[in-house]
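The values are calculated or read from the model by the stated rules, or taken from the named source; none is laboratory data. It should be emphasised that the depicted structure is a prediction, and the values quoted were computed from it without experimental measurement. Glycine also receives a Cβ, built like all others from the backbone with ideal geometry; neighbour counts cover every protein chain displayed. Ligands, DNA and RNA are excluded from the accessible area calculation, which covers all protein heavy atoms including side chains. Shrake-Rupley method; radii C 1.70, N 1.55, O 1.52, S 1.80 Å.
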Amino acid sequence: MKNNFLRNVMYGYVSIFITSLLSFISVPLSLKYFGQELYGLFAITNDTLAYIALFNFGIPLAASIIFVKLKDYNNQKLILKKALVILILISILLLFLVFLIKSIFPNWIYFIGKISNNIVPIAKSFIIISIIFYLVKLPFTLFGQLLIFMNKVYLSKLIDTISAFVVFLCLILVIYLKWNILHYAVLTGLSSLIALIITVFLFLQDWKGTQLEYDYDESQNVSYKHLFSSSFYFFLNGISVLLIWNTDNLIISHYLGLRMVAKYSLLFKFFMIIFMLINQIMNAINPLYPKYYKDNQLNILRDLFQLSSMVLTIIGGLILLVIYGFFENFVYLWTNNSAIYIGDGACLVIGLYCYFLCFTIVPYSALVVLDFLKKIYHIVFLEALLNIILSIF
């Protein structure tokens with residue numbers, strides 16, 4: 001267990017270093033080649049995909065948690081089949097709805113944001129291509145979650161790193177061949193699909209190599225009803241997280257246009273790099289909570305919780321100082337364009353958000369992985385509601 005923990009942490013931080021470096025290089029290249037408006041289009045497209053992601057109804061996360069709790073190999077296999085059937089049917093239905101909406105509402109793109117008339121045709125095509133690839137990939141996302149909950153975070157991070165490098169190569173290829181944003185969408189969509197297929201093979205290989213002894217238990221519930229009831233609170237939580245993290249760009253786009261989206265998304269990308277560092281710590285720690293809880297090692301569980309909470313709170317304070325004190329200089333070094341700096345007020349707000357996120361992420365993560373989300377979902381909903389109100393007004 002200790003070796004796996006250290007390997008998960010090491011691979012995670014190597015992955016973050018490489019992906020952050022690639023992001024650091026690709027942002028100024030994308031801004032210069034595609035322009036500020038099309039760079040803003042990337043951001044609102046990602047937020048649109050996040051809304052579509054809600055329609056997995058929390059099935060990948062719920063199925064993964066049920067899977068790791070099952071002792072019987074046949075029951076594990078059964079829950080996987082049922083989760084995949086649901087996700088495939090969801091993907092087919094959503095693809096049908098996308099083309100139906102596209103046919104009935106020719107100006108559908110204006111529901112997403114304020115798009116300049118000169119880029120409307122290419123923006124429509126870019127968003128549609130991105131949605132199609134996302135829905136094709138949807139069933140495969142289950143296996144990435146499974147690797148994490150099987151304490152194989154390092155495999156997931158290895159794939160993420162290779163995938164990020166391939167996406168960067170796609171950008172370089174598009175710039176070198178003077179292709180447009182649609183070529184970039186197709187290339188990155190194909191590369192991410194291949195990465196997910198590799199994830200499936202790695203999961204199957206690892207699962208096959210660590211089959212549990214047959215230990216059938218009638219009480220192990222793997223019915224569709226149990227799967228949906230388990231996923232319900234993850235679905236509600238997903239709505240809340242979506243409203244908190246993925247409404248800003250869409251609201252900014254509607255009121256201020258894609259150029260301001262580009263400014264905000266640059267700050268948010270910096271925040272996401274920091275969040276990846278935090279999330280990597282939690283990805284390594286989270287699988288330990290259900291293990292210690294199941295083994296009734298409550299003293300170890302308490303010590304782990306207290307140490308994690310203290311370390312993350314200190315990290316949050318340092319992040320606040322960095323974002324508020326140095327982000328303007330960082331933007332200039334990053335893009336050689338001080339005009340894309342969003343302002344001190346936004347930096348202070350994001351910095352404070354990072355601090356409180358670090359302060360609360362440990363208890364929140366522990367409650368989620370221990371399957372107590374049903375106890376706190378209303379609190380997360382309240383945060384989401386406040387975020388929407390403050391964003392609009």
Please identify, among Phe99, Phe17, Phe327, the residue showing maximal mean-square fluctuation in a Gaussian network model of the chain using a 10 angstrom Cα cutoff. Phe99
What FRET efficiency, computed as 1/(1 + (r/R0)^6) with R0 = 30 Å and r the Cβ-Cβ distance, is obtained for Ile314 and Ile25, rounded to the nearest 0.05? 0.50
Determine ³J(HN,Hα), in whole Hz, for all residues of the range 48-60 in sequence, where each value follows from phi through the Karplus function 6.51 cos²θ - 1.76 cosθ + 1.60 and θ = phi - 60°; x replaces Gly and Pro. 4, 5, 5, 5, 5, 4, 4, 6, 7, 6, x, 4, x
For the range 27-38, what does the Karplus curve 6.51 cos²θ - 1.76 cosθ + 1.60, with θ = phi - 60°, yield as ³J(HN,Hα) per residue in whole Hz, taken in order and with x for Gly and Pro? 4, x, 5, 5, 4, 6, 7, 8, x, 5, 5, 5
Could you give the dipole magnitude of the range 62-118 about its Cα centre, charging the beta-carbon of Lys and Arg +1 and that of Asp and Glu -1, in debye to the nearest 20? 160
Can you list the lysines whose alpha carbon sits under 30 Å from that of Lys71, skipping same-chain ones fewer than 8 residues off? Lys2, Lys81, Lys82, Lys137, Lys152, Lys157, Lys208, Lys225, Lys291, Lys294, Lys374, Lys375
Nearest-ten-degree value, helix 344-369 long axis tilted from longest Cα axis of the chain: 20
Would you look at the GNM of the chain, springs on alpha carbons closer than 10 Å, and say which of Phe235, Phe201, Phe149 moves the most? Phe201
Considering only protein heavy atoms and a probe of 1.4 Å, how much of the accessible area of the chain is carbon and sulfur, as a whole percent? 70
Determine the shape class of the range 301-393: with a ≥ b ≥ c the square roots of the Cα gyration tensor eigenvalues, call it rounded for a/c under 1.5, and otherwise prolate if a/b is greater than b/c, oblate otherwise. oblate
Charge context of Val200, other residues only, Cβ under 12 angstrom, K/R +1, D/E -1: 0
Taking only protein heavy atoms and a 1.4 Å probe, what accessible area per residue, in Å², does the chain have with all protein chains in place? 51
Given Cα pairs under 8 Å that are at least 6 residues apart, what percent is the relative contact order of the range 210-359? 22
What is the sum of charges, Lys and Arg at +1 and Asp and Glu at -1, for the other residues whose Cβ falls under 13 Å from the Cβ of Leu301? +1
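Report the full-extension gain for the segment Leu321 to Ile52: residue separation times 0.36 nm, less the Cα-Cα distance, to one decimal in nm.
So the chain would gain 93.4 nm between Leu321 and Ile52.
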Candidates Lys294, Lys157, Lys263, ranked by Gaussian network fluctuation over the chain, Cα under 10 Å, top entry: Lys294
Using a Förster distance of 56 angstrom, determine the FRET efficiency expected from the C-beta separation of Leu333 and Asp206, and round it to 0.05. 0.85
Separation in nanometres of the label points that stand 7 Å from Cα toward Cβ, at Gln297 and Ile379: 2.6
Calculate, in nm to one decimal, what Leu190 and Asn107 gain on full extension: separation in residues at 0.36 nm each, minus their alpha carbon distance. 27.1 nm
Run the numbers on the chain and let me know its relative contact order in percent, using alpha-carbon pairs under 8 Å that are six or more apart. 27
